[in-house]
Ligand SMILES: Cc1ncc(COP(=O)(O)O)c(C=O)c1O
């Protein structure tokens, strides 16, 4: 199959329309079979549930080419399950997890010409999502829904190596206790926009959110979970019921324990302890791990010993091992790599 003539190294992280997308509709209590379509546009009633009351959830994962030339995705079953959990919490009918994986596979296959070659650093980003589609004026769940999967090629997250970033402790809250922080609902991202635009305007790369109730514990950023490394090489990662259960974080915990023999603590992490850690990173699908060099907290700076030039040594080992597993250079645990073709 001939690849599209795309400058993979320079496409950046933006939306480029690809050939096909998957669409399935939910009506009268059932999901239809779904189809692949060339139409990238959606026509909705002006009163559709998603437009009025933000009843929408999504997922994000990547397809890429491994060292031996296969197109694969990484643990799509976990994205499928997380979307089921998100749907239940927003009173939406879950799209069945096995059908989610099939839809991802079908959509990637139909757009295989857009899957970047091995070694380019670029990937095909996959965006499954669903929303309430029928008119709703009183505040209640919609009766009809649409589930879709589209893909878009995205460039290497780090051009020329992962440079440590500077983040700030946000004055805003991301998620309330017992709220929607643990699901991937569009509304969580809408309310983070003011906070991230403000942080960028102040010269910071990201926000660190603390727990909304006490503002003493580390939660996550707008799009990634935290991992810390102690001075004696233990991995510490925040446990909270109001953060998104990152698939990358869960995978890194396994890698740390089973591949690198490191001790891992998943627990509440008080902001007061952060100054004592040796390394800090943000983990998520987009970058796998972005190293954090500095945290700014209302006039005080925490500078990690790993510095502003490169990833810390343990972060680098975690990054190299997980990306090695993803790219087929290191043997993956059973079921982690879904071969598409
Ligand atoms: C709020 C938030 N936390 C964490 C993550 C990382 O999750 P994952 O590793 O599953 O991409 C994401 C990205 O999906 C996110 O949006």
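The values are calculated or read from the model by the stated rules, or taken from the named source; none is laboratory data. Quick caveat, the model's predicted, so the values are computed rather than measured. We place every Cβ from the backbone using ideal geometry, glycine too, and count neighbours over all the protein chains shown.
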Item to complete: Provide a single number: the residues in segment 210-239 that are over 18 Å from residue 263 (Cβ atoms), free of Cβ contacts under 8 Å to residues at least 40 places away in the same chain and under 21 Å from the mean Cα position of the chain (by Cα).
Response: 1
Response to the item:
How many residues of segment 298-338 are assigned to a strand (DSSP E or B), within 24 Å of residue 234 (Cα to Cα) and touching a residue at least 12 places away in the same chain (Cβ under 8 Å)? The answer is 1
Worksheet item: Of the residues 106, 91, which single one is more than 16 Å from the ligand (Cβ to nearest atom), surrounded by fewer than 16 Cβ atoms within 10 Å (Cβ to Cβ) and either farther than 28 Å from residue 1 by Cβ or modelled with pLDDT of 95 or more (or both)?
Response: 91
Discussion item. Please determine whether any residue of segment 162-169 is within 15 Å of the ligand (Cβ to nearest atom), under 15 Å from residue 221 (Cα atoms) and buried (at least 17 other Cβ atoms within 10 Å of the Cβ).
Written reply: yes
Discussion item. For the list (1) under 22 Å from residue 181 (Cβ atoms); (2) touching a residue at least 40 places away in the same chain (Cβ under 8 Å); (3) within 16 Å of the ligand (Cβ to nearest atom), I need the number of the one condition that residue 81 fails.
Written reply: (2)
Practice prompt. Give the number of residues within segment 150-161 that are surrounded by 19 or more Cβ atoms within 10 Å (Cβ to Cβ) and within 14 Å of the ligand (Cβ to nearest atom).
Written response: 1
Fill in: Test: residue 340 is at pLDDT 95 or above, more than 16 Å from the ligand (Cβ to nearest atom) and at negative phi
yes
Worksheet entry | Which numbered condition residue 272 misses (of (1) crowded, with 16+ Cβ neighbours inside 10 Å; (2) more than 30 Å from residue 64 (Cβ to Cβ)) | (1)
Worksheet, complete the sentence: Over segment 251-272, the set of residues in a helix (DSSP H, G or I) and either modelled with pLDDT under 95 or away from the ligand (no atom under 11 Å from the Cβ) (or both) is 253, 254, 255, 256, 257, 258, 259, 271, 272
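Residues checked against (1) buried (at least 21 other Cβ atoms within 10 Å of the Cβ); (2) more than 18 Å from the chain's Cα centre (by Cα); (3) on the phi > 0 side of the Ramachandran plot:
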position	(1), (2), (3)
287	no, no, no
292	yes, no, no
306	yes, yes, no
319	yes, no, no
331	no, yes, no
Item to complete: Check off (1) within 15 Å of the ligand (Cβ to nearest atom); (2) under 18 Å from residue 215 (Cβ atoms); (3) touching a strand residue (DSSP E or B) at 6+ places or on another chain (Cβ under 6 Å) for residue 275 and give me the number that stays unchecked.
Response: (1)
Discussion item. Can you go through 195, 142 and tell me which one is more than 21 Å from residue 244 (Cβ to Cβ), touching a strand residue (DSSP E or B) at 6+ places or on another chain (Cβ under 8 Å) and either at pLDDT 95 or above or away from the ligand (no atom under 16 Å from the Cβ) (or both)?
Written reply: 142
Fill in: Residues within segment 5-63 that are in a loop (DSSP other than H, G, I, E, B), modelled with pLDDT of 95 or more and over 30 Å from residue 224 (Cβ atoms), tallied
14
Worksheet entry | In segment 223-250, residue surrounded by the most Cβ atoms within 10 Å (Cβ to Cβ) [restricted to those that are within 6 Å of the ligand (Cβ to nearest atom) and over 18 Å from residue 318 (Cβ atoms)] | 244
